[in-house]
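Participant: Provided herewith is a single structure, encoded as structure tokens, for subsequent inquiry.
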Amino acid sequence: MPENASALHLLLTSDPALREIVWLSLFVSLSATLFAALIGVPAGALIALTRFRGREPLIVLLNALMGLPPVVAGLVVFLALSRSGPLGSWGLLFTPQAMIIAQTVLVAPIIAALTRQTIEDLWMEYRDELTAMNVAPVRRAITLIADAQFSLVTALLAGFGRATAEVGAIIIVGGNIDGFTRTMTTAIALETSKGELPLAIGLGIVLMLVVFAINALAWGARRAGERLAG
Amino acid sequence: MRTAHALAAAVILFAAATAGAPPDRSIVLASTTSTQDSGLFDYLLPIVKQHTGITVRVVAQGTGQALETARRGDCDVVLVHARSEELKFVAEGGSLRRYPVMDNDFVLIGQKSDPAAIGGMNDAARAFRSIRDKKVLFISRGDRSGTNLAELSLWKAAGIDIAKDKGAWYESIGQGMGAALNMASARGAYVLSDRATWANFRNKADLRILVEGDKRMFNQYGVMLVNPVKHPNVKKALGQAFIEFLISPEGQQAIANYRIDGRQVFYPDANAPGA
């Protein structure tokens, strides 16, 4: 299928427009994953290690939000950032920043829910020791997060995977603007609508290769880290 | 500690991304899928940039959605193709003035085999009646786009109340022109398209133009600056400069020069009376 390789060919020959699209996709999804991790990991650990009223419904809600449809996340962020919305004065609609915000909303619950489960399982294992050592809750959380760091990488990758795969949220808040907010997935949607199916499938292959490469890197880093940790 | 570092890094990253290029000479244009899918903007916007220095960021939506984007103040300029909706938009104060820009026409597309036997007709209303009578699959955009509104008025011209008369043969898909053409191609259906998107569509398979040339299939595009009094964030000077270029002799000539497979698909008409 030589036709299907056209996007690959563009990438290999360093077509600047395509490189920009790949770069923006990675920039948006990696930024969103980073922000979501900064929110989700501490939140998940906190929920795992504390007991408060409404904790169980909160866990159910968090788990349910893992299935938040991207188009709903996109619509909510759109309504907030629209000039007629509460945050309209920021002027962020149809920018890469709006896309990062939307994907953060989408990914944070995934990372929080998976972190909560991981940390809670670990807590069951170490509860007696940590209780006996009389460690304060915040120190407990830090100790357990440090201990679970390799498992948490999987939570981050799940969040990153969700971000790179979705098109529903970013096409609403980004607007798929050529050379500004066009990513791999929105470009695929556009080329499909133009009937340029070979180019669309080629872009799909490029996207999957990029995601595979990121995952391979993460796996390599995890292996190296484990070896160092002995 | 590490978290603090990561947080600081993230904030810097976000700030850097937000800062953007210093003097911002860009506007946001809400426009229709037809102007994007036809390739017109890929050709025209670099010319606009060269003449005016303005970077035009296009959000391609259906006409109904593009006007909604304008109503919310989320774009500076709106370029669409549904004259009555545009006049309504001006009347309600969404814009101070509508400028006609260009036109082309709609074409009725279907399979080579043509089960409703409409090929070669130049009366769109008769063709629509034949499709309804033979109950052959028809794909409707169903998204309040300019093309969708034109289709609805053609059903009306055919004396058919489509809201009441539609059956399983009439599918409203709520998607853009390209998606509708892909579906018609995959399922052997009839579909109404603007000529430019059709000309630039690359998955034609057995589809072809069956009906064209009816005066009622005329397709007029208009451009409007979003009312800066209602929405102070609108980039008034840049938006107006963009419009002035489109309707200037150079802009009109540039539109006329656009070709798909050697054929002109947009006809400038900024100075045509009543456009």
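Participant: Please return the longest stretch of chain A lacking exposed loop sites, where trypsin sites (Lys or Arg not before Pro) count only if DSSP places them in a loop and at most 15 other Cβ atoms lie within 10 Å. Mind dumping the intermediate values first?
Facilitator: Numbers: sites that count: A:ARG51, A:ARG53.
Segment A:54-230 is the longest.
Participant: Moving on to the next point. Can you sort A:PHE52, B:PHE106 from fewest to most other Cβ atoms within 10 Å of each residue's own Cβ? Display every interim value, and only then the final one.
Facilitator: Values: A:PHE52 8, B:PHE106 25.
In order of increasing Cβ crowding within 10 Å: A:PHE52, B:PHE106.
Participant: Listing B:HIS81, B:HIS51, B:HIS231 from the residue with the fewest other Cβ atoms within 10 Å to the one with the most, what is the order?
Facilitator: Numbers: B:HIS81 27, B:HIS51 15, B:HIS231 20.
Ascending number of Cβ neighbours within 10 Å: B:HIS51, B:HIS231, B:HIS81.
Participant: If you don't mind, another one. Angle between the Cα long axis of helix A:55-65 and the longest principal axis of chain A, 0 to 90 degrees, nearest 10?
Facilitator: Relative to chain A, helix A:55-65 is tipped by roughly 20 degrees.
Participant: Could I ask something else about it? Which log10 I(q)/I(0) values, to two decimals, does the stretch B:105-217 give at q = 0.10, 0.18 Å⁻¹ under the Debye formula with one point per Cα?
Facilitator: -0.23, -0.81
Participant: Once every Cα of chain B carries one equal point scatterer and solvent is ignored, give the base-10 log of I(q)/I(0) from the Debye formula at q = 0.08, 0.09, 0.11 Å⁻¹, two decimals.
Facilitator: So the normalised log intensities are -0.38, -0.47, -0.66.
Participant: Here's another thing I want to ask about it. For the protein assembly as shown, what does -39500 (n - 2.57) per DSSP helix run (n ≥ 4), summed and divided by total residues, give at 222 nm, in deg cm²/dmol to the nearest 500? Write out the running numbers ahead of the final one.
Facilitator: Details: 22 runs with 298 residues, N = 505.
It comes out at -19000 deg cm²/dmol, rounded to the nearest 500.
Participant: Using only Cα atoms, tell me the angle between helix A:184-193 and the longest principal axis of chain A; keep it within 0 to 90° and round to the nearest 10.
Facilitator: 40
Participant: Related question: How about B:LYS236: which lysines have a C-alpha closer than 18 Å to its C-alpha, ignoring those fewer than 8 places off in the same chain?
Facilitator: Counting by Cα, and skipping residues close in sequence, B:LYS236 has these lysines nearby: B:LYS49.
Participant: Right, next: At a 10 Å Cβ-Cβ cut-off, how would you order B:MET102, B:MET183, fewest neighbours first?
Facilitator: Numbers: B:MET102 29, B:MET183 16.
Final ranking by Cβ density, sparse to dense: B:MET183, B:MET102.
Participant: Another question, then. Explain nothing, just the number: relative contact order of the stretch A:53-125, from Cα pairs under 8 Å at least 6 residues apart, as a whole percent. Each step should come with its number before you reach the end.
Facilitator: Details: 44 pairs, mean separation 26.4, N = 73.
Here the relative contact order equals 36 percent.
Participant: Semi-axes of the equivalent ellipsoid of the stretch A:65-104: what are they in whole Å, largest first, if each equals the square root of 5 times a C-alpha gyration tensor eigenvalue?
Facilitator: On the way: eigenvalues 69, 23, 9 Å².
Listed largest to smallest, the semi-axes of the stretch A:65-104 are 19, 11, 7 Å.
Participant: Rounded to the nearest 0.05, what FRET efficiency do B:ALA256 and B:LYS215 give with R0 = 25 Å and r taken as the Cβ-Cβ distance? Could you check? Show your work: numbers first, answer last.
Facilitator: Values: r = 21 Å, r/R0 = 0.85.
The pair B:ALA256/B:LYS215 has a calculated efficiency of 0.70.
Participant: Calculate, in whole percent, how much of the Cα-Cα pair population of the stretch B:18-113 lies beyond 21 Å. All intermediate terms of the calculation are to be shown ahead of the outcome.
Facilitator: Numbers: 1875 of 4560 pairs.
Above the 21 Å cut-off, the stretch B:18-113 has 41 percent of its Cα pairs.
Participant: Cα convex hull of the stretch B:150-275: mean projected area in nm², to one decimal? Spell out each step's value before the answer.
Facilitator: Details: hull surface 44.6 nm².
Its average projected convex-hull area is 11.2 nm².
Participant: Which value results for Rg/Rh of the protein assembly as shown when Rg is the Cα radius of gyration and Rh the Kirkwood radius based on the inverse mean 1/r? Write out the running numbers ahead of the final one.
Facilitator: Working: Rg = 26.4 Å, Rh = 25.3 Å.
A ratio of 1.04.
Participant: Against the longest alpha carbon principal axis of chain B, how many degrees, from 0 to 90 and to the nearest 10, is the axis of helix B:124-134 turned?
Facilitator: 70
Participant: Now for a separate question. Given the stretch B:45-85, report the % of alpha carbon pairs whose separation exceeds 13 Å. Mind dumping the intermediate values first?
Facilitator: Working: 462 of 820 pairs.
Counting every Cα pair in the stretch B:45-85, those more than 13 Å apart make up 56 percent.
Participant: Just to check I understand the Karplus step: with θ = phi - 60° and J = 6.51 cos²θ - 1.76 cosθ + 1.60, what whole-Hz values come out for the stretch B:105-110, glycine and proline as x?
Facilitator: Rounded to whole hertz, the list is 9, 8, 10, 9, 9, x.
Participant: OK, next. Per the Debye formula with a single identical scatterer at each Cα and no solvent contribution, what log10 I(q)/I(0) holds for chain A at q = 0.08, 0.17 Å⁻¹?
Facilitator: Listed by q, the Debye log ratios stand at -0.36, -1.18.
Participant: Only Cα pairs under 8 Å and at least 6 apart count here; give the relative contact order of the stretch A:16-196 as a rounded whole percent. Don't jump to the answer; show the numbers that get you there.
Facilitator: On the way: 234 pairs, mean separation 65.7, N = 181.
Value for the stretch A:16-196: 36 percent.
Participant: Measure off 7 Å from each Cα along the Cα-to-Cβ vector at B:ARG187 and A:ARG139, then give the distance between these two points in nanometres to one decimal.
Facilitator: Placing both labels 7 Å beyond Cα along the Cβ direction yields 6.6 nm.
Values quoted throughout were computed directly from the atomic coordinates according to the rules given, and no laboratory measurement underlies them. Not measured: the values here are computed from a predicted model. As a convention, Cβ positions derive from the backbone with ideal geometry for all residues, glycine included, and neighbour counts pool all protein chains shown.
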